[in-house]
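Bear in mind that the values in this text are calculations on the coordinates, not laboratory data. Computed from a predicted structure; not experimentally measured. Here Cβ is always computed from backbone atoms with ideal geometry, including for glycine, and neighbour counts include all displayed protein chains.
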Amino acid sequence: MSVESHQANIAAVVDLIASRIKQDQRTVIAIAGPPASGKTTLAEAVVEHLNARSSSSDERPASLFPMDGYHLSNPELDSLGLRDRKGSCETFDASGFCVALERLCVLGTAHDLPGFDRDNDCVVPGAIRVGAHARIIVAEGNYLLLDRSPWREAQSHYTARVFVKAPLAVLSMRLQERWRAQGLTARQAEARVQLNDLPNATLVLKDSTEADLVLEHLVHDELEGVPASS
């Protein structure tokens, strides 16, 4: 995908947001898609675009709300026997995400949200600040549109839904590159992708609810200055 196509995707999401703005509560846009589809890069770019004219960080109109901040901790996953399945839908605090989402919908409220440190493989409490002036929340994550509880119930809070799709072959290639960059051997990366990441991606592609806007995946190698993300 060219830089022009990437910008066109950003513009399409921004236009969707503009058409759905709410006055009595925050506007919440959900950007979902399989791992390595480019949804995180897209969400971050949309927030950056919406905040471009703001001179103060406390008055920025848009904030990011990443699902990755609700990963269960590694000790919790070990106790559940799910460490090897980290990233699957059952390894997230879905209820915690839903509670935070409901609170975020209230205008004029400030929140400190968790982020995720991919390099250290851990949640970072309070990494993301949502200021009281924020009127637009851009939520992003694999399972935001998943057609199962409690993700299904959370969707009543979304003002609009965006889905970033990609072929499994492309996702496999990009996921293996990601794991190798984090120190895994080629064989380890391939096994990790085949046993965990691709089943997760297949679930997202097959069992997500209908979106208002469907976009093609972002091929980051063709986007100069755009970092690879999920």
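For the reader, a short list of remarks on this structure follows.
- Residue within the range 195-218 that is more than 18 Å from residue 31 (Cβ to Cβ), of a type in the set (A, V, I, L, M, F, W, C) and assigned to a helix (DSSP H, G or I) present: yes
- Leading residue by the ranking (surrounded by the most Cβ atoms within 10 Å (Cβ to Cβ)) among those in the range 132-141 that are among the aliphatic types (A, V, I, L, M), part of a strand (DSSP E or B) and in contact with a Pro (Cβ under 8 Å, 6 or more places away or on another chain): 139
- Between 101, 64, 144, the distinction of being part of a helix (DSSP H, G or I), within 26 Å of residue 210 (Cβ to Cβ) and not charged (D, E, K, R) belongs to 101 only.
- Those residues of the range 14-32 which are over 18 Å from residue 165 (Cα atoms), touching a Lys or Arg at 6+ places or on another chain (Cβ under 8 Å) and in a strand (DSSP E or B), in sequence order: 27
- With respect to the conditions (1) under 17 Å from residue 87 (Cα atoms); (2) surrounded by fewer than 23 Cβ atoms within 10 Å (Cβ to Cβ), residue 145 lacks only one, and its number is (2).
- Within the range 185-206, the set of residues being buried (at least 18 other Cβ atoms within 10 Å of the Cβ) and among the β-branched types (Val, Ile, Thr) comprises 193, 204.
- Failed item, numbered, when residue 129 is tested on (1) surrounded by 17 or more Cβ atoms within 10 Å (Cβ to Cβ); (2) assigned to a strand (DSSP E or B); (3) touching a residue at least 60 places away in the same chain (Cβ under 8 Å); (4) not β-branched (Val, Ile, Thr): (1)
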